[in-house]
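Read through the structure below, which is laid out as C-alpha cells, and then see the notes.
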Amino acid sequence: MRLCLVIAFCLLPARLIACEVALVLSVDVSGSVDTQEYDIQMQGVAQALRDSAVAEALIRGRAQVALVQWTGSSRQQVTLPWREVRSFADTRALADEVANAPRAWRHYSTAIGEALRVSANLFDSVPHCLRRVIDLSGDGASNEGVPPAVLRADFGQRGIIVNALAIEGAQAGDLTAYFFENVIVGSGAFVATANSYAEYPDRIRQKLLRELTKQTAGAQRVR
C-alpha cells in the first residue's frame, strides 16, 4: 500500500506536489568544535544557501528546511523548525537565520545516533514532502548514546536518506570511512569530505547542490 501511494505521488504533475524535499541540516557542536569552527560551519551553511544554484534547487524542490544542533546524549536542539522555501527571498531569510543562530552547547560528547533520531522525527510534521533527507556534518565518530548504525534499517524502511560531511583532522583515523560504514543510508546516499574546516564552506555548498539535484544509485564516498 505504501509503495502504491509513493508511485501515485511521483506521477503527479510537479505543480501539484506541495513539497518535493524536506531537508534537515544537522550540525555538530560537540566539545571538539571550537568557537571559530562553529562559526565556520554556520557561516558556511549560510553562504551555501545564498549560492544561486543551491537557492534555485531549493526553490525548484519546494523545499522545507530545518536546522538541528547536536552534541552528547539528550543534547540536540531544533534551532530552526521547518522553513518553507518558495522564493529567493526565502533562501536569503533562511541564510540569515542560520548565520545568526546562537550556539546551543560547547562542552559535550558526540552522540550521532541521537542526533539522527531527533532529525528523523522532524519528518513526521512534513508528511507531504516526497523526499526526506538528513544532511549531517561532524568532525568525530560517535562516542555516546545509541550507535548510528543501529538506526540504518529503520531509516531505510521509512524512506529517509542520510548523507554526511566528514570534517577530517580533529581525530585520528579515517572519519570518512566511519561515516560511510555507520552513518549514511538510502538510495544514492554519500559521504563528502572536508580535509579541514577551511574546506568546509565549499564542500557543504557542493554537497547541498548534489543532494538537491542529483539522485544516484548506491552509497558513495566523495573526496
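The values are calculated or read from the model by the stated rules, or taken from the named source; none is laboratory data. This is a predicted model, so every value here is computed, not measured. Neighbour counts are summed over all protein chains in view; Cβ atoms, including those assigned to glycine, are modelled from backbone coordinates with ideal geometry. Just the protein is used for accessible areas: all its heavy atoms, side chains included, with ligands, DNA and RNA removed. Shrake-Rupley method; radii C 1.70, N 1.55, O 1.52, S 1.80 Å.
Residue-by-condition table, conditions (1) open to solvent by 50 Å² or more (accessible area, probe 1.4 Å); (2) in contact (Cβ under 8 Å) with a residue 60 or more places away in the chain:
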position	(1), (2)
L130	yes, yes
Q157	yes, no
Q171	yes, yes
F190	no, no
K207	no, yes
S30 versus (1) of a type in the set (S, T, N, Q); (2) crowded, with 16+ Cβ neighbours inside 10 Å; (3) in contact with a helix residue (DSSP H, G or I) (Cβ under 7 Å, 6 or more places away or on another chain): which is the lone unmet condition?
(3)
Being open to solvent by less than 20 Å² (accessible area, probe 1.4 Å) and within 19 Å of G186 (Cα to Cα) is the requirement here; does L80 meet it?
no
Sort out which residues of the stretch 132-155 are open to solvent by less than 40 Å² (accessible area, probe 1.4 Å), free of Cβ contacts under 8 Å to residues at least 60 places away in the same chain and outside any helix (DSSP H, G or I), and write them in order of number.
A141, S142, V146
Which of the residues that make up the stretch 173-188 are among the aliphatic types (A, V, I, L, M) and either part of a strand (DSSP E or B) or open to solvent by 10 Å² or more (accessible area, probe 1.4 Å) (or both)?
A177, V185
How many residues of the stretch 91-102 are in contact (Cβ under 8 Å) with a residue 40 or more places away in the chain and either over 29 Å from Q171 (Cβ atoms) or surrounded by fewer than 17 Cβ atoms within 10 Å (Cβ to Cβ) (or both)? The answer is 6
Filtering the stretch 47-75 for residues that are modelled with pLDDT of 95 or more, within 16 Å of S119 (Cβ to Cβ) and open to solvent by 10 Å² or more (accessible area, probe 1.4 Å) leaves a count of 1
Filter the stretch 33-44 down to the residues that are modelled with pLDDT of 95 or more and either of a type in the set (A, V, I, L, M) or open to solvent by less than 10 Å² (accessible area, probe 1.4 Å) (or both) and list them by number.
I40, Q41, M42, G44
